[in-house]
Amino acid sequence: MKGSLVIVSFFIAGVLAGLYGWIPSGVITDSKVSYYVLCGLMFFVGLSVGSDTKTLDSFRSLNPRLMLLPVITIVGTLAGSAVVSIVLKQRSLAECLAVGSGLGYYSLSSIFITGYKGAELGTIALLSNIARELITLLFAPFIVRYFGKLALISSGGATTMDTTLPVIVRYSGQNLLIVSIYHGFLVDFSVPWLVVLFCSL
Amino acid sequence: MLTVVGLMLLGVLSGYLLRNRNMKWVSRVVMALIWVLLFLLGTEVGANDKIVSGLPTIGMEALLITVFALAGSLLGAWGLWVWINKGKA
């Protein structure tokens with residue numbers, strides 16, 4: 001819980017800094033800064049994994065059933081998005097499925113959906129998929145405790161090979177690193193196809 | 001995307017070469033970088049007028065879709081987790 005609170009406060013501090021312009025605008029609009037931080041982060045995650053030879057040994061005994069995880073993530077997300085269209089009367093089934101199938105890949109899905117369905121749904125896709133990434137990062141300890149270690153990977157959707165990977169390694173364990181990368185790669189790849197499919201329905 | 005994965009592989013290789021040293025400090029660096037990244041993500045959200053002004057109205061719709069989509073994924077992954085661990089007991 002303490003870990004999540006620290007993460008939330010860093011995020012809120014960032015929002016306030018962005019809102020009131022405490023950071024020079026060049027730093028924010030030019031998102032290369034966060035990209036470089038991400039690169040540094042990935043190197044250190046790799047460093048902690050590579051020096052842990054016990055974990056490397058565990059990759060060999062990986063359960064083949066874990067290979068099903070990306071399919072379960074996508075099917076679960078689509079099922080949930082279908083249910084929400086009953087509650088959200090102003091949104092059609094196809095619209096909810098299109099937003100849901102962004103799977104956390106907010107930059108790409110919002111651009112696609114804005115192109116096919118207009119700026120309003122595109123903005124919803126942006127917010128919804130940022131929220132997916134944020135919820136994964138902020139509630140990681142909670143998700144692992146109540147739904148298990150795989151649920152955190154499922155929650156990260158398309159982001160589990162980059163932005164949410166460090167958090168997954170931290171809370172689900174280093175022995176799921178390969179599963180997380182494999183999952184992120186496949187889900188990431190399926191996002192453009194799914195979004196375009198549901199936009200054209 | 002390839003650069004990010006490549007850097008991680010470079011890290012894995014470096015870590016393997018340094019495997020006999022004390023590497024406990026690495027997890028502290030990882031945590032600090034996660035905080036920096038979250039702060040930067042916050043600044044992007046806060047500085048984007050489109051996101052800030054859209055939050056109260058369509059933000060709720062977006063959040064509702066996210067919560068249901070996540071619930072579906074979490075339940076599925078929980079089922080797989082139970083199925084995988086059943087054989088071990």
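Return the total of residues in segment B:34-49 being surrounded by fewer than 22 Cβ atoms within 10 Å (Cβ to Cβ) and either of a type in the set (Phe, Trp, Tyr) or at positive phi (or both).
Final tally of qualifying residues: 1.
Just give me the residues in segment A:96-114 being over 12 Å from residue A:192 (Cβ atoms), over 17 Å from the mean Cα position of the chain (by Cα) and not polar (S, T, N, Q), in sequence order.
Hit for segment A:96-114 is A:96, nothing else.
For the condition among the polar types (S, T, N, Q) and crowded, with 24+ Cβ neighbours inside 10 Å, what is the one hit in A:172, A:190, A:200, A:155?
Going through A:172, A:190, A:200, A:155 in turn, the sole match is A:155.
With respect to residue A:145, determine if the residue is assigned to a helix (DSSP H, G or I) and at the interface with another protein chain (Cβ under 8 Å from one of its Cβ atoms).
For residue A:145, the condition - assigned to a helix (DSSP H, G or I) and at the interface with another protein chain (Cβ under 8 Å from one of its Cβ atoms) - is not met.
Residues of segment A:164-186 being over 18 Å from residue A:142 (Cα atoms) and among the β-branched types (Val, Ile, Thr), which ones?
The answer is A:178, A:179, A:181.
Inspect all residues belonging to segment A:172-180 and state whether any of them is under 14 Å from the mean Cα position of the chain (by Cα) and either within 9 Å of another protein chain (Cβ to nearest Cβ) or not in a loop (DSSP other than H, G, I, E, B) (or both).
Yes, segment A:172-180 has at least one match.
Listed here are the residues, each with its yes/no results for (1) farther than 30 Å from residue B:6 by Cβ; (2) at pLDDT 80 or above; (3) surrounded by fewer than 17 Cβ atoms within 10 Å (Cβ to Cβ); (4) facing chain B (nearest Cβ under 8 Å).
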position: A:11; (1), (2), (3), (4): no, no, no, yes
position: A:17; (1), (2), (3), (4): yes, yes, no, yes
position: A:30; (1), (2), (3), (4): no, no, yes, no
position: A:48; (1), (2), (3), (4): no, yes, no, yes
position: A:55; (1), (2), (3), (4): no, no, no, no
position: A:66; (1), (2), (3), (4): no, yes, no, yes
position: A:70; (1), (2), (3), (4): no, yes, no, no
position: A:78; (1), (2), (3), (4): yes, yes, no, yes
position: A:97; (1), (2), (3), (4): yes, yes, no, no
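The values are calculated or read from the model by the stated rules, or taken from the named source; none is laboratory data. Just so you know, these numbers come straight off a predicted model, no measurement behind them. Using ideal geometry, Cβ is built from the backbone for each residue, glycine included, and neighbour counts are taken over all protein chains shown.
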